[in-house]
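Heads up: the structure comes next, in structure tokens.
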Amino acid sequence: MSTETLEGDVRLRPIADLCDGEVSFRKEGWRELIFMQGLRFYAGGVERKMDAVLCLNHDNPTYPTKLYLAEQAGGPGLNWNETAYLLGRSWHTFSWRDVRADQPWIDILAAHLRATDRGVQP
């Protein structure tokens, strides 16, 4: 696994503004990941803070990116259909498709976070 610091990639800076801790780009096997410690977001209308991982190159064309959270959080209607072991721990993810990988990283994260606050399928 390799890690890139904030100074190494300016694309991480807008994401770091949403976090209370470390934000880093990491590679684990074929996966390209952004680890976010203390990500602040809304889920089901409630402000939350937890660690998260954004996968920039998920291996399913319908789900080209994925957001993994330390715990299930979101409004009713989210399909929490998967757990994954990444970066040495287990993560939860929901079914939220068609978030393209060919856009700025902050936009990818925002698209996934919209689902946690709405809690409905697209």
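Of note:
- Residues in the range 48-85 that are crowded, with 18+ Cβ neighbours inside 10 Å, of a type in the set (A, V, I, L, M, F, W, C) and more than 12 Å from the chain's Cα centre (by Cα): ALA73, LEU78.
- Which listed residue is part of a strand (DSSP E or B), of a type outside the set (Asp, Glu), surrounded by 12 or more Cβ atoms within 10 Å (Cβ to Cβ) and within 15 Å of the chain's Cα centre (by Cα), from SER90, SER24: SER24
- Selection count, the range 37-47, where residues are in contact (Cβ under 8 Å) with a residue 60 or more places away in the chain and within 15 Å of LEU69 (Cα to Cα): 4
Only the coordinates and a few stated rules stand behind these numbers; no lab work does. A quick note: this is a predicted structure, and the numbers were derived from the prediction, not measured. Please note: Cβ atoms are built from the backbone with ideal geometry, for glycine as well, and neighbour counts cover all protein chains shown.
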